[in-house]
Amino acid sequence: MKTFSGIREVFTIFQNKESYFEEINREQSNRLIFNQLLLICCFAFLYGLVMGSYHSFLQSVVAGAKVIVLFLSTVIICFPSFFIIQQVLGSKMSFRQMMLIVLSGVVLTATIALSFAPIVVVFQVTGGNYHFLQLLHVAIFVFAGFFGMRLMVDALKFACEHKNIYPQIGVTVFRIWIIILAFVGIQLAWNLRPFLCEKNEEFKLFRKYEGNFYTAIVYSVEQLASPAVPDKMEGMKPPAASPDTTAKTPSGAEKLLHQTGK
């Protein structure tokens, strides 16, 4: 029961932001951080299951684990730079308070992404194109990430304007850090690919071909804009005449000359 009450406590962020921000700015135990991490892992895994289910059960489970690694690794890699820079700028917030703010944004991102799972399932069941699904997942992550980052900025503004424990310049610097966070997340997602595979493709834990995320997106858009010609159309094309056959077939005039010569 304590776990469920802790989860409800995390979700107060959707009901009353100021109350939640007040809770963050008070000295907290590690319980709230644990509940945030639990929700991130659960929601990320569920969304990964939906992503990988386009291919197979094994791909589904692996994709769920990869989305968890993607979310947590991005925070672990980027948080030290955020904490140190904010301390240099004169922030009075503790390590725990800053971690709560960052994890709150990730919780919101994972929650919004998971809320789109039924829409993804509909497109998968109705024969959604592989490249279309790729772009759909990217759009969902961008949309969910926008609201998650916005929540972090709002929390820092609250600490600055209402609690006077965070410098105004820190909010501006944080917006730059958000861009770094996004690029790190994109790079990690590219290294962890594939999250979903084409149905006629064998299971792969990781892809080996080179390239980058942006060229892959451009390629997917091109595939949707100019789909390949179906194989059925190939059978309808008339066969080309064989040059050798034409050369060996004598004309009527040649036959007459040949008979006259005899």
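Overview of results
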item: Selection within the stretch 28-60 - closer than 26 Å to residue 128 by Cα, in contact with a helix residue (DSSP H, G or I) (Cβ under 7 Å, 6 or more places away or on another chain), assigned to a helix (DSSP H, G or I) and not polar (S, T, N, Q); result: 43, 44, 45, 46, 47, 48, 49, 50, 51, 52
item: Lone qualifier among 172, 126 - being within 20 Å of residue 95 (Cα to Cα), out of contact with any Leu (no Cβ under 6 Å at 6 or more places or on another chain), of a type in the set (Ser, Thr, Tyr) and exposed (fewer than 14 other Cβ atoms within 10 Å of the Cβ); result: 172
item: Filter result (aromatic (Phe, Trp, Tyr) and under 20 Å from residue 107 (Cα atoms)) within the stretch 123-169; result: 141, 143, 146, 147, 158
item: Residue 112 over 17 Å from residue 150 (Cβ atoms) and either part of a loop (DSSP other than H, G, I, E, B) or at pLDDT 90 or above (or both); result: no
item: Selected residue (criterion: surrounded by the fewest Cβ atoms within 10 Å (Cβ to Cβ)) from residues of the stretch 154-169 that are touching a residue at least 24 places away in the same chain (Cβ under 8 Å), part of a helix (DSSP H, G or I) and in contact with a helix residue (DSSP H, G or I) (Cβ under 9 Å, 6 or more places away or on another chain); result: 154
item: Within the stretch 40-52, tally of residues that are surrounded by fewer than 19 Cβ atoms within 10 Å (Cβ to Cβ) and either under 18 Å from residue 104 (Cβ atoms) or at pLDDT below 90 (or both); result: 2
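The values are calculated or read from the model by the stated rules, or taken from the named source; none is laboratory data. Computed from a predicted model, the values in this text were never measured in an experiment. FYI the Cβ positions are ideal-geometry reconstructions off the backbone, even for glycines, and counts take in every protein chain you see.
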